[in-house]
Amino acid sequence: MQTDSVLYILLAAIVALVLVLFQYKYRTKRKGKLHYGLSLLRFIAVFGILLLLLNPKFEHRILSTEKTNLVLLMDNSSSIQGVEGDKFKTIVSQLKASQSSLLDRFNLATYTFGNNLNEGDSITLEESNTNIFKALDGINTIYGKLNTVVVLFTDGNQTIGEDYEYYGKKQNLPIYPVVLGDTTTYEDIRVVGVNSNKYAFLNNKYPLEIFVSYEGKKAVSSELQLLINNKLAHKEIVSLSATNNAKTINTQIIANSVGVKNIRVQLSPLANEKNIANNEKQLALEVLDEKTNVAIISNILHPDIGALKKIVESNEQRSASIYRPNVEVAQLASVDLYILYQPDASFDGIYKQIASRKSNYFTIGGTHTDWEFLEKTHNGIDLESGYPNQEVFADDNPGFSKFDISDYSFNGFPPLETDLGPIIILSPHESLLDMSSKGIAMGSPLLTVMEEDDVKSALLLGENIWKWRMHAYKEEGSFKDFDAFWGKLFLYLNTNTGKNRFSVDVNSIYNNSNNAIIQATYFDEAFRLDPNATIKLKIKDTSLNSIQELPMLLKGNYFEADLRNLEPGTYNFSATVEKENLSKSGSFTILDFDVEKQFTSSNYKKLNRLADNTEGELFFPEEIDSLINTLSTAQRYVPTQKSKLNVVPLIDFKIVLGIIILALALEWFIRKYNGLT
C-alpha cells in the first residue's frame, strides 16, 4: 500500500475519533461501560464509512508453479495387433508406473486416435483407419498456445488424411514418436489405386488408370491382370526396381454389354512377399445404353438428308434412320428425337404423334416447305411466306446461354436458301444464329431453340446444310468441330427438362462397411424438399436371404442410411417413400477389405523426419526408459514458477459494509433498550 493511502487512513481514523468524542464526550457527561461501548460502535461505523469513501487498494501476490503438458497420443487402429498390440499395452503400463517421476514435471493427458481423436486411454486396437494428421491437428488446436510436449505411439502408416510429415513443419509442439510394429523392410509390390469413371456408355471404350508401387532392393517383375466380372480383359508384365519403384498403367476397355461391371486388378505375388493383401483392388463401373435413336423424316430427296445422317452418326451413341411422312406409327416407337426436313401437309400425322408423346424435335425449312402448315403446327410463330428464293447468311449470337457455343463460329460460311420473309416468335425461345442478307441484319433468327410444356424444339429456316459441312471440311480439314456443334444441339434436344422427385445415390461396391452409406433426395409435387417425408429402406442379404428394414434419416437437404453394421457380402435394396408411389431399387457389394493390412512394416523413417521437423526425438519400444529419462531431465520442460500480483480495492470487501451495518444496528438497539435518545 502506498504512503499517501496510509496517511489518508490515519486521517480517517482521527476524524472518526473526533466525531465520536464530540458526541459522547462533549455533548454528554455520562460515563461508564455502556458509554464506552456505544462510543466504540459509533467509531467503527464512522471509520468504516470513511474507509469506503477513500477506497484504498490492497496488493496480494500469488506464487504458482506451471508444469509442461505431456500428451500421450496413442494409435488405436487395427494395424497394431498380435505381439505388437501386447507390446504397446506393456509400454503404456510402464509409462503409468513411472507417473510419479513424470508428475513432478508434467501434467499428463492421454488421447487415442484412429479415424478421429478421442480423449482417454481406452485401447481397443479396433479402429479401421489411421489419421495421424487429424490427431496432431486436434492436439495442436487444444494445446498449441501452451507449453506442451507430445509422445506419439504409432507405426507411422497413415491410411486417410493429409500427409502428416509436412504438417510437422507448422506444428507448434515438439513430438517424440515411439515406433510400433516391425521395422524390418520386406519386399512388397502393391496396387496403390485404380482410377475409373463411374459410368460408361455401351460400345464405347472406358479408361482405367492403375498405380503400382514396389518396396525392395532388387529388380522384380509381376504379372498384372485386369478382370471384368471374373473374365480376363487385360494383362501385362510390370517390371520395377529400387530406383524405378512406381509405375502407372493406362488401358482402355470396350463396354460391350449393359450393366454393372465388377473390376478386379491383381498382381501376382513376389517369391518372398510377406503381405499379399495389398496386391489386389476392386471397384465397379456401370455401363449404360444411352444410344439416341434419331428419325430423319423427309418427303423429298436432298443432299441435306445425307449430311444430317452423317452429322447424327458422327457420335457412336447416336443412330439415324430415314423415313417418309407416311411411315407406320409403330416404326417410330423407339425414336428419341425427330428431325423434320421441309415439312408439308403430309407431316400432319407425324406432328400429332410428337404432340401425344411430348417428344422433342428439330424442324428444318427451305424452298420446299409449306410455311402455312408449319405455322399451324408451331404455336406462337408468325411467318410471312410467298417471297422469292433468297440467300441468307448466319450471324453468331454470343448471348446464347442454353449451352456453350463459344468455341465455334459460322462467320464466312456460305449462305442457305429460303423463300421465307420476316418471322416473329412469341413463345419462349433463344436464337443460336441470326439471319442476315447482303450484309444487312434482318432481325430474325436463322436457328433458334424453343421450350414449351416440357417439350424442346429447334427451328432452322434455310436449306443446304451440306454446303456448310463441306466448307467446314475445306477450312478445318475435318468434320469433327462442325459435327460437334450440332451434337451439342442434339444433346440439348434429347435431354428431358423434368426433375426426378425421388433419387437414390448408392455405390455398387464399398471397400468396407465403414464407408457403406446410402443417400436419397425427395421433393414434393412442387419440387420443394419435404423434410417430413418418411423413407423406408429394405436391405436383403443375398447369401442368407435375411431382410432388415430401417428408416432413412434427414441430414441437411438429403436423407441418409448408415449401413456400417452390415457384414461383407452382396445385398439388394429398395427405398420407398411412404404414402407415395415412388421407389428405387438396386444392389451393392461390401468387400472384406481392411486398409490397415496393406502395410507390412512401420514407417519409422517418416516418423523420424516428423521428429526432426518439430525438434523432437525418435524412440523405439526398447528405449522407453530413455524416453522417460529424456523428458525428466530436459531443461526446456522444467516447471516454472510464476508470480501474480492482485490489486484489490477495499470496496470489493463486502464484509466491511456488513460490519458498518452491524455496528450501527447494535448502537441503535442498545440505545433504545436503555432509553437513550
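The values are calculated or read from the model by the stated rules, or taken from the named source; none is laboratory data. Note that the structure is a prediction, hence the values are computed from the model and not measured. FYI the Cβ positions are ideal-geometry reconstructions off the backbone, even for glycines, and counts take in every protein chain you see.
Within the range 215-241, the set of residues being touching a strand residue (DSSP E or B) at 6+ places or on another chain (Cβ under 8 Å), in contact (Cβ under 8 Å) with a residue 24 or more places away in the chain and not in a strand (DSSP E or B) comprises Gly216, Asn229, Asn230, Ser241. Applying the set (1) buried (at least 18 other Cβ atoms within 10 Å of the Cβ); (2) β-branched (Val, Ile, Thr); (3) assigned to a helix (DSSP H, G or I) to Thr600 leaves exactly one unmet item: (3). One residue alone among Ser574, Ser585 is of a type in the set (S, T, N, Q), without any contact (Cβ under 8 Å) to a residue 40 or more places away in the chain and surrounded by 15 or more Cβ atoms within 10 Å (Cβ to Cβ), and that residue is Ser574. Residue by residue through the range 107-157, note down the ones that are in contact (Cβ under 8 Å) with a residue 60 or more places away in the chain and assigned to a helix (DSSP H, G or I). Selection gives Ala135, Leu136, Ile139, Tyr143. Can you give me the number of residues within the range 413-438 that are more than 21 Å from Glu475 (Cβ to Cβ), in a loop (DSSP other than H, G, I, E, B) and touching a residue at least 40 places away in the same chain (Cβ under 8 Å)? Total satisfying the criteria: 4.
The residues listed here are Glu375, Glu417, Glu451; of these, the one that is acidic (Asp, Glu), under 28 Å from Ala345 (Cβ atoms) and touching a Gly at 6+ places or on another chain (Cβ under 9 Å) is Glu417.
In the range 355-374, the residues that are in contact (Cβ under 8 Å) with a residue 24 or more places away in the chain form Cβ pairs under 7 Å with partners that are surrounded by fewer than 19 Cβ atoms within 10 Å (Cβ to Cβ) and part of a helix (DSSP H, G or I), at six or more places apart or across chains, as follows: Asp370/Ala345; Phe373/Ala345.
As for the range 616-623, it holds no residue that is in a helix (DSSP H, G or I), buried (at least 18 other Cβ atoms within 10 Å of the Cβ) and outside the structural domain of Val506 (by TED's automatic domain parsing). Residues that are acidic (Asp, Glu), in the same structural domain as Gln225 (by TED's automatic domain parsing) and surrounded by 18 or more Cβ atoms within 10 Å (Cβ to Cβ) do occur in the range 271-285.
Given the residues Phe403, Phe410, Phe393, which is the only one that is modelled with pLDDT of 85 or more, in a loop (DSSP other than H, G, I, E, B) and under 23 Å from Phe479 (Cα atoms)?
Working: Phe403 fails: modelled with pLDDT of 85 or more; Phe393 fails: in a loop (DSSP other than H, G, I, E, B).
One residue alone meets the criteria, Phe410.
Per-residue answers, yes or no, for (1) closer than 22 Å to Thr90 by Cα; (2) touching a helix residue (DSSP H, G or I) at 6+ places or on another chain (Cβ under 6 Å); (3) crowded, with 19+ Cβ neighbours inside 10 Å:
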site	(1), (2), (3)
Ala109	yes, no, no
Asn116	no, no, no
Leu125	yes, yes, yes
Thr141	no, no, no
Leu146	no, no, no
Val149	yes, no, yes
Leu152	yes, no, yes
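Just one residue in the set Leu226, Leu232, Leu173, Leu180 is farther than 30 Å from Asn76 by Cβ and either surrounded by 15 or more Cβ atoms within 10 Å (Cβ to Cβ) or in contact with a helix residue (DSSP H, G or I) (Cβ under 6 Å, 6 or more places away or on another chain) (or both); that residue is Leu226. None of Gly161, Gly193, Gly216 is closer than 30 Å to Leu607 by Cβ, touching a helix residue (DSSP H, G or I) at 6+ places or on another chain (Cβ under 9 Å) and surrounded by fewer than 20 Cβ atoms within 10 Å (Cβ to Cβ) except Gly161. Scan the range 449-460 and tell me whether some residue there is among the small types (Gly, Ala, Ser) and farther than 19 Å from Tyr338 by Cβ. Looking through the range 449-460, none of the residues is among the small types (Gly, Ala, Ser) and farther than 19 Å from Tyr338 by Cβ.
Using the structure shown, decide if Gln252 is assigned to a strand (DSSP E or B) and either of a type in the set (A, V, I, L, M, F, W, C) or touching a Pro at 6+ places or on another chain (Cβ under 7 Å) (or both). In short, yes.
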